[in-house]
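Nothing in this text is a laboratory measurement; each read-out follows from the coordinates by a stated rule. Predicted, not measured: the structure shown is a model, and the values here were computed from it. All Cβ positions, glycine included, derive from the backbone under ideal geometry; neighbour counts span all protein chains shown.
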Amino acid sequence: MQFPKDNRVILAVGAGLAILAAVVLALMFGGSREPAPATGASAEPGGLQVDLADAPALEPTRELRCFVDGQFIGMATLSDCARRNGLATDALDVGLDETGNLAAAPTASFAPPPTLPTQELAASGEADPVRDPTDGTAATKPEPRVERASGTPCLRFTGSEWRQISADMSLNQCVRSLYAGTCVRPGDAQYGRYGNLTLRLVPRRVEQSNDNARFRILADQDRNCQFPGLGG
């Protein structure tokens, strides 16, 4: 048997055999591999995380923890929980409670408005009635007039008392100073005071009230607990 004398023929044949062997090995080992998981798929099933801003889009048949008058009454759908509270569905705040479970409760039902600051009541000029010693009729006790500092004060209610955080700032500055970066759970609220307005932080918004009882929306809060709609 004679071998080709040209080395180029030998090299070409060797290269062809190497390529063929590589193809065979790739088919053998590639077929046994399991398909890689799809990008972005969760490594663990379940683990549902619900953002306060996403909660209103829940399926109507899904049950969640329902609170009435600040008390947990069991699992219920959003509409059923609203019915038990005597409210419309959109009047409930929905989000994760302290246990990490989805819950619904009336706005600020766990935190009723505190009494007004005593300093402001005094500054309003109201006087305590006393009896006139001459005829026994009610008379007005003279009180020195309390002069208020220029500007509008901003106060925070800490849970037991009112504390002033500024003697002079705008309403928007007061709201940001009180609540920027702070979110509350469904059913909870934080209170502040700006001049003669009571401010209340509830999930997704800040509200204001002139009578410390009836509240209306002042500004919406985003999922980062900020107020993009407030200017300076």
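Using only alpha-carbon positions in region 58-99, the gyration tensor eigenvalues give semi-axes of 14, 13, 10 Å once each is multiplied by 5 and square-rooted (largest first). Counted by Cβ distance under 9 Å from MET75, the other residues give a net charge of 0, where Lys and Arg count +1 and Asp and Glu count -1. Quick one: which residues, 5+ away or cross-chain, put their amide H under 5 Å from the amide H of ARG205? H built at 1.01 Å from N. Long-range HN contacts for ARG205: GLN221.
Computed 3J(HN,Hα) for region 153-167, one whole-Hz value per residue from the Karplus formula 6.51 cos²θ - 1.76 cosθ + 1.60 where θ = phi - 60°, is x, 10, 10, 10, 8, 8, x, 9, 7, 8, 10, 7, 9, 7, 8, glycine and proline marked x.
Between the beta carbons of ILE165 and THR61, assuming R0 = 41 Å, the FRET efficiency works out to 0.35 to the nearest 0.05.
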